[in-house]
Amino acid sequence: MESDGKPVDREKYQRLVGRLIYLSHTRPDIAFAVSVVSQYMHSPKESHLEVVYKILRYLKGSPGRGLFFKKSDSKKVEIYTDADWAGSADDRKSTIGYCTYVWENLVTWRSKKQSVVARSNAEAEFRAVAQGMCEGLWLQKLLEELRITIELPIKLYCDNKAVISISHNLVQHDKTKHIEVDKHFIKEKIEKGIICMTYIPTREQLADIFTKGLQKLTFEDFIGKLDMINIYDPT
């Protein structure tokens, strides 16, 4: 996002974005946009505030949109992870996104800019997989504490075949030495049968909506796949 224009009232900007962050906990469709504007809390410009206003206009036009939770006989926990490598024009850091499903219903999601620059697409994807995996394992533990049994392994969907291959391969890869911790963490969970990594085409990768801005038709398609409905929609 461009950082053009004059500085704006920082307190006003922070209040607006703070409210949007709160709302994004129930509106996954704004998670990525809110993640972007929250990166400029300390020095907001006119261009940043205009994006905030665009988010507010979008929300005003869709007040009845929300998640639909359906009954399911499934006892599965599923994870979708994705990364937009070097997507930030400001510093070329990557954005990761993940979402988790419990019994075929979306329950958690996140869009986050990585704190360090990834030197390859695989590195960015590995970090996304590791964070999504941690979320899935936390959900497993939470359900166990509630005495709810889930089906294992937990399926993790990734659209990068190279990452899946390296995760199953015990051979040392020079290009991934700097992410060995994530790599071995992922491999350990796979070998124990807790996690099963599965390839999914990019067009079906639900976490894509949390990593980058999408064209309107693609965006609306993903919203439908996330089981978001508009209660005011006559259809």
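The values are calculated or read from the model by the stated rules, or taken from the named source; none is laboratory data. Small disclaimer: the values here were computed from a predicted structure and weren't measured. Using ideal geometry, Cβ is built from the backbone for each residue, glycine included, and neighbour counts are taken over all protein chains shown.
Computed quantities for the displayed model
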| item | result |
| --- | --- |
| Matching residues in the stretch 40-64 - criterion: being under 19 Å from the mean Cα position of the chain (by Cα) and at pLDDT below 95 | none |
| SER47 of a type in the set (Gly, Ala, Ser) and touching a residue at least 24 places away in the same chain (Cβ under 8 Å) | yes |
| Filtered residue count, the stretch 101-124, keeping only those that are among the acidic types (Asp, Glu) and surrounded by fewer than 19 Cβ atoms within 10 Å (Cβ to Cβ) | 1 |
| The listed residue being under 29 Å from VAL117 (Cα atoms), small (Gly, Ala, Ser), outside the structural domain of MET197 (by TED's automatic domain parsing) and surrounded by 13 or more Cβ atoms within 10 Å (Cβ to Cβ), out of SER24, SER43 | SER24 |
| Residue check for LYS76: surrounded by fewer than 19 Cβ atoms within 10 Å (Cβ to Cβ), touching a strand residue (DSSP E or B) at 6+ places or on another chain (Cβ under 8 Å) and either in the same structural domain as HIS184 (by TED's automatic domain parsing) or charged (D, E, K, R) (or both) | yes |
| Failed item, numbered, when THR81 is tested on (1) over 18 Å from GLU204 (Cα atoms); (2) touching a strand residue (DSSP E or B) at 6+ places or on another chain (Cβ under 6 Å) | (1) |
| Residue list for the stretch 108-123, restricted to those being more than 22 Å from ASP29 (Cα to Cα) and in contact (Cβ under 8 Å) with a residue 24 or more places away in the chain | VAL117, ALA118, ARG119, SER120, ASN121, ALA122, GLU123 |
| Some residue of the stretch 125-142 being touching a residue at least 40 places away in the same chain (Cβ under 8 Å), more than 18 Å from CYS196 (Cα to Cα) and either surrounded by fewer than 20 Cβ atoms within 10 Å (Cβ to Cβ) or within 13 Å of the chain's Cα centre (by Cα) (or both) | no |
| Verdict on LEU152 being out of contact with any helix residue (DSSP H, G or I) (no Cβ under 6 Å at 6 or more places or on another chain) and part of a loop (DSSP other than H, G, I, E, B) | yes |
| Qualifying residue in the stretch 224-232 (condition: at pLDDT 95 or above and among the aliphatic types (A, V, I, L, M)) | yes |
| Test for SER35: is it surrounded by fewer than 16 Cβ atoms within 10 Å (Cβ to Cβ) and among the hydroxyl-bearing types (Ser, Thr, Tyr) | no |
| Among residues of the stretch 29-55, those that are more than 27 Å from GLY224 (Cα to Cα), among the aliphatic types (A, V, I, L, M) and assigned to a helix (DSSP H, G or I), counted | 1 |
